[in-house]
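Input: a single structure, listed below in structure tokens.
The values are calculated or read from the model by the stated rules, or taken from the named source; none is laboratory data. The structure displayed is predicted, hence computed values, not measured ones. Positions of Cβ are backbone-derived with ideal geometry, glycine not excepted, and every protein chain shown enters the neighbour counts. Areas reflect the complete protein model, heavy atoms only, side chains present, ligands, DNA and RNA absent. Shrake-Rupley method; radii C 1.70, N 1.55, O 1.52, S 1.80 Å.
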Amino acid sequence: MAVARHQGLRRSGPAVLEMCALAALYYGSARLGLLQQLVRGQVTPLWPPSGIAVAGLLLRGPRIWPGIALGAFLVNIALGPSLPAVLAIAAGNTLAPVCSYLLLRRAGFREQLDRLWDALALIFLGAFTGMLVSATTGTGTLALAGVLRPGDFWPTWSVWWTGDAMGVLVVTPVLLVLRTAHRPKNAPPYRWAEALLLAAGTAAVGLLVTSHIPLLFIGFPLLIWAAFRFQLAGAAPCALAVSIFAVIAGGERSGPFAGHDLLTEMITLQAFNGSTALTALLLSSVVSERNEAQREIARACGQLAAMAARIATGDHRPMLAHAEREQDGDAAQTRERPSPHPEKTASDRQ
């Protein structure tokens, strides 16, 4: 019994640490998101914790949902209005990413986001559909608690829903990219210079967006550049940065948001953030699919060239048997060669 208990503790220890880390990330990102609150000090146009929660479930599995619940409870306990309301809001904030995770897994979502289907699934299932749960639960709870006036229900609901959805659209892709981020090997110097130029251009766009000049649209050429040249690894961080700059400008009522009421400001801001996220995700996934198709065509051309060379030299052995022998030889070499990542498990490769 003691040995079994010790083994159980060893297995549950990493899971508990992951839950605590997720709760800490959720709480820290929530405090940052609340800096730009618009309704009652707890409804923001960009809610990063929703993106962190969905990414955590996709990368580590549904067993870490208590970390989301703990982070949501710690965030809302300081906001009120009462303990039952806090528990209800925290439950909605937990159920929403879990629903998004289940919908994405049901749709065959892949974390690489290298297919158009993956981008569409994240947009319409992970963001727009899953976050309906948190927005409806949270706004309904505030209305039942008497915090919201009857006429404020739908404006608050719209801000809550779009804020959570934007968190999934702009934060989750960045975290999925960071999972496989590594220093590129043998990258030519001009690629590093191009990446630095893209980062500098994004910073310049941020300065213009947060100024009194209404130039939100100049972020889209950067998104297109990042998607074509760096795919998701460049488009996702660029979209996140541009969206944050837009949220800051909206909170300060500067640039294109100056002189408008809250409803007009929210429509403009969320339309821009949604367009930014859609452009980055859809374009980068399409470019990734195109690149994969080009590699498949190149491999097929190589096989045809090898077949033509064998026919020209008089080798009339069946090509299929020859290819099978080559594959068997490659498999044997792979078995003999040690894995460069022996520490990765089956769940890490999925």
Q: Kindly indicate whether residue 167 is part of a loop (DSSP other than H, G, I, E, B) and either at pLDDT 90 or above or surrounded by fewer than 22 Cβ atoms within 10 Å (Cβ to Cβ) (or both).
A: no
**Q.** The listed residue being surrounded by 13 or more Cβ atoms within 10 Å (Cβ to Cβ) and either over 22 Å from residue 161 (Cβ atoms) or at pLDDT below 90 (or both), out of 240, 262
**A.** 262
Q.
Condition first: buried (at least 17 other Cβ atoms within 10 Å of the Cβ) and out of contact with any Cys (no Cβ under 7 Å at 6 or more places or on another chain). Now tell me which residues in segment 61-73 satisfy that.
A. 64, 65, 68, 69, 70, 71, 72, 73
(Q) Can you confirm whether residue 198 is open to solvent by less than 50 Å² (accessible area, probe 1.4 Å) and under 30 Å from residue 259 (Cα atoms)? (A) no
(Q) So if I check each of 143, 121, which one is open to solvent by less than 10 Å² (accessible area, probe 1.4 Å), free of Cβ contacts under 8 Å to residues at least 24 places away in the same chain and either assigned to a helix (DSSP H, G or I) or farther than 20 Å from residue 158 by Cβ (or both)? (A) 121
(Q) Suppose the filter is of a type outside the set (Val, Ile, Thr) and surrounded by fewer than 16 Cβ atoms within 10 Å (Cβ to Cβ); does residue 160 pass it? (A) no
Q | Exclusive hit being surrounded by fewer than 22 Cβ atoms within 10 Å (Cβ to Cβ) and either within 25 Å of residue 277 (Cβ to Cβ) or modelled with pLDDT of 90 or more (or both), set 83, 113, 58, 79 | A | 83
Q. Does residue 153 satisfy the condition of being within 24 Å of residue 227 (Cβ to Cβ), aromatic (Phe, Trp, Tyr) and either crowded, with 17+ Cβ neighbours inside 10 Å or touching a helix residue (DSSP H, G or I) at 6+ places or on another chain (Cβ under 9 Å) (or both)?
A. no
